[in-house]
Amino acid sequence: VGKSSLVNRILGAERVIVSERPGTTRDAVDALFEHEGRSFLLVDTAGIRRKSRINDPTERYSVLRAKKAIEACDLALLLLDPAEGVTDQDKRIAGYVHERGKACILAVNKWDLVKKEERAANRLKADIYAALPFLGYAPVAFISALTGKGVFRLLALAASVYEEFARSVGTGPLNALLADALLRNPPPADKGKRLKIFYATQVKAKPPTFVLFV
């Protein structure tokens, strides 16, 4: 849904082919650029269509490359069409991103074409989260690759989301938070014996991963 148009808008150049026909991009295209002192490596992936529509061996290879790009990335930007809402294929791709522990932003593109009604954005955001409940942590952004509206706020949001994705929490603050949580909501009891959580520690970032000793 306008991935190539978005890449061109960010880079300020016609780096990738744009067409009204879906599926024009057949391979992942890398673009390294800087914005406000930060370096970004942007990958415009091939679109991932439903398996029943993938007949061309070249397109099968494109889908494989797109999945590999998701596995290699830090943050996946899932572009949604406001006219279609969240499709079944959007759900599959979102699930693929989530299962691989990637940071994610849900970007509603072509927002310039939507007839703005009162609270339209809030309603659409609620519909998106209802369709993708497992991505409740992913922010929703409204953009237009055609006009550029919201595109550079999107880059600032990407930088913020990445910082959380790469964040490390010290054992002291983490266990202070855990102690507070246990006071508010104690662990369940099993056969009259209450489970005891000794401590927690972060074992890695990207995504932040924690181990609790119980």
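The values are calculated or read from the model by the stated rules, or taken from the named source; none is laboratory data. Please read these numbers as outputs of a predicted model, since none were measured by experiment. Cβ atoms come from the backbone with ideal geometry, glycine included; neighbour counts cover every protein chain shown. Note: accessible area is taken over every heavy atom of the protein model, side chains too, but ligands, DNA and RNA are not part of it. Shrake-Rupley method; radii C 1.70, N 1.55, O 1.52, S 1.80 Å.
For residue 120, are the conditions met, namely being closer than 30 Å to residue 201 by Cβ and open to solvent by less than 40 Å² (accessible area, probe 1.4 Å)?
In short, no.
Would you confirm whether or not the stretch 158-168 contains a residue that is at pLDDT 95 or above, crowded, with 19+ Cβ neighbours inside 10 Å and under 16 Å from residue 80 (Cα atoms)?
There is no residue in the stretch 158-168 that is at pLDDT 95 or above, crowded, with 19+ Cβ neighbours inside 10 Å and under 16 Å from residue 80 (Cα atoms).
Would you confirm, using the coordinates I've provided, whether residue 91 is surrounded by fewer than 16 Cβ atoms within 10 Å (Cβ to Cβ), touching a residue at least 24 places away in the same chain (Cβ under 8 Å) and under 26 Å from residue 71 (Cα atoms)?
The answer is yes for residue 91.
Select, from 77, 106, the only residue that is open to solvent by 60 Å² or more (accessible area, probe 1.4 Å), in contact with a helix residue (DSSP H, G or I) (Cβ under 9 Å, 6 or more places away or on another chain) and either modelled with pLDDT under 75 or in a strand (DSSP E or B) (or both).
Numbers: 106 fails: open to solvent by 60 Å² or more (accessible area, probe 1.4 Å).
From the options 77, 106, the qualifying one is 77.
Which members of the stretch 160-214 meet the condition of being of a type outside the set (A, V, I, L, M, F, W, C), touching a Ser or Thr at 6+ places or on another chain (Cβ under 9 Å) and part of a helix (DSSP H, G or I)?
171, 175
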